[in-house]
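What follows is a short report on a single structure.
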Amino acid sequence: MTKTRQTFKDKFDEFLQSNKSREEILDELSDIMILADVGISTSENIIETIRQKSKKNDSLQTIKKSLEEEIIKILARYSPNFNISSNHSVVMLVGVNGGGKTTSLAKLAYLFNSEGKQVLMVAADTFRAAAQEQLVLWGKKLNIPVIKGQYGADPAAVIYDAIKSFKARQYNLLLIDTAGRIHTNSNLMQELEKTKKVIEREIEGAPQEILLVLDASIGQNALIQAREFLKFSGITGIFLAKLDGTAKGGSVISIIEELQLPIKFIGIGETEKDLLYFSPQEFAKALFS
């Protein structure tokens, strides 16, 4: 969060040296939040809430505390709990190409394999050969099996075969990397619905989780992608990738508020270990510390 935090910290330090009024501080805070890619609507809502709760003679520290509380309230609105308690749990990752889907899947595989689960990965993005190859390479590195199909094959058929293998091997967790060619392509959403129906038919109660992978480095543009993927039913949460390298980490706040979905994981680097469960409190603390 270093780059995003600096956007806030520099301005707060500047405020401490000034004698600005509460209104001046609140107006500038709104600008700071927009610079951090919180989003205009979300920023205005937060500032208006603080304005109504605060007093004219409140100190900067009091206002800063109120801002932190409002951000935590938004971040914690939806539960980030991850539901893979079943012996045969299935997790789908959806999102546009280039958003970090395949690497995010490998990180989840590493995490749950480290926790003792028997994990099977599926390269169901059959429209982009590089995606399958990338996941196969991850599988070799992590020593986790990967099932893939022929280039151009029906993704639903690949997933069907993978489920048969998943059941036969008595694995605990099936992680599915899906296609993400163009987020405005209605055919893609239909394909995702088709694969989801195959999973529902073959494993009762599955998929337990469908995560939308968003690239934090593109800030508010991630919301444009997300709105299209919300046409695909059943999304349970967000995996926010590439959070470590951006000054646009404020987009986390507006993503949660607008999409009404929890962020469940964040990607903070390139290796398989660079993954964290999302914590609203820790995020807010990192933003202001």
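The values are calculated or read from the model by the stated rules, or taken from the named source; none is laboratory data. The shown structure was predicted, so the numbers you read here are calculated from the model rather than taken from an experiment. Every residue, glycine as well, gets a Cβ built from its backbone with ideal geometry; the counts of neighbours run over all protein chains shown.
At negative phi, outside the structural domain of I199 (by TED's automatic domain parsing) and aliphatic (A, V, I, L, M): does that describe I71?
Working: at negative phi: yes; outside the structural domain of I199 (by TED's automatic domain parsing): yes; aliphatic (A, V, I, L, M): yes.
When the stated conditions are applied, I71 passes them.
Is segment 130-148 home to any residue that is touching a Phe, Trp or Tyr at 6+ places or on another chain (Cβ under 7 Å), surrounded by fewer than 23 Cβ atoms within 10 Å (Cβ to Cβ) and either not hydroxyl-bearing (S, T, Y) or not in a helix (DSSP H, G or I) (or both)? Lay out the reasoning, then the answer.
If we filter segment 130-148 for residues that are touching a Phe, Trp or Tyr at 6+ places or on another chain (Cβ under 7 Å), which is where we start, we get 142.
Of the ones still in play, those that are also surrounded by fewer than 23 Cβ atoms within 10 Å (Cβ to Cβ) are 142.
Within this subset, residues satisfying the condition of being either not hydroxyl-bearing (S, T, Y) or not in a helix (DSSP H, G or I) (or both) are 142.
Yes, the conditions are met somewhere in segment 130-148.
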Kindly provide the set of residues from segment 187-229 that are in contact with a Gly (Cβ under 7 Å, 6 or more places away or on another chain), under 17 Å from K264 (Cα atoms) and free of Cβ contacts under 8 Å to residues at least 60 places away in the same chain, ordered by number. A216
Selected residue (criterion: surrounded by the fewest Cβ atoms within 10 Å (Cβ to Cβ)) from residues of segment 90-105 that are among the hydrophobic types (A, V, I, L, M, F, W, C) and either touching a Gly at 6+ places or on another chain (Cβ under 8 Å) or modelled with pLDDT under 95 (or both): V96
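Kindly indicate whether G152 is assigned to a helix (DSSP H, G or I) and either free of Cβ contacts under 8 Å to residues at least 60 places away in the same chain or closer than 22 Å to K197 by Cβ (or both). Even if it seems obvious, please write down each step before you answer.
Numbers: assigned to a helix (DSSP H, G or I): no; either free of Cβ contacts under 8 Å to residues at least 60 places away in the same chain or closer than 22 Å to K197 by Cβ (or both): yes.
Considered against the rule, which asks whether it is assigned to a helix (DSSP H, G or I) and either free of Cβ contacts under 8 Å to residues at least 60 places away in the same chain or closer than 22 Å to K197 by Cβ (or both), G152 comes out as no.
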So if I check each of Q52, Q17, Q61, which one is polar (S, T, N, Q), more than 21 Å from the chain's Cα centre (by Cα) and under 21 Å from Q281 (Cβ atoms)? Q61
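Just the residues that are assigned to a loop (DSSP other than H, G, I, E, B), within 28 Å of P155 (Cα to Cα) and not aromatic (F, W, Y), please, taken from segment 82-115. Even if it seems obvious, please write down each step before you answer.
The first filter runs over segment 82-115 and keeps only residues assigned to a loop (DSSP other than H, G, I, E, B), leaving 82-88, 95-100, 115.
Next, from what is left, pick out any that are within 28 Å of P155 (Cα to Cα): 82-88, 95-100.
Passing the criteria: N83, I84, S85, S86, N87, H88, G95, V96, N97, G98, G99, G100.
Yes/no per residue for (1) more than 23 Å from Q190 (Cβ to Cβ); (2) of a type in the set (D, E, K, R):
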residue	(1), (2)
A124	no, no
A129	no, no
E133	yes, yes
L137	yes, no
K140	yes, yes
Q150	no, no
D154	no, yes
I159	no, no
R169	yes, yes
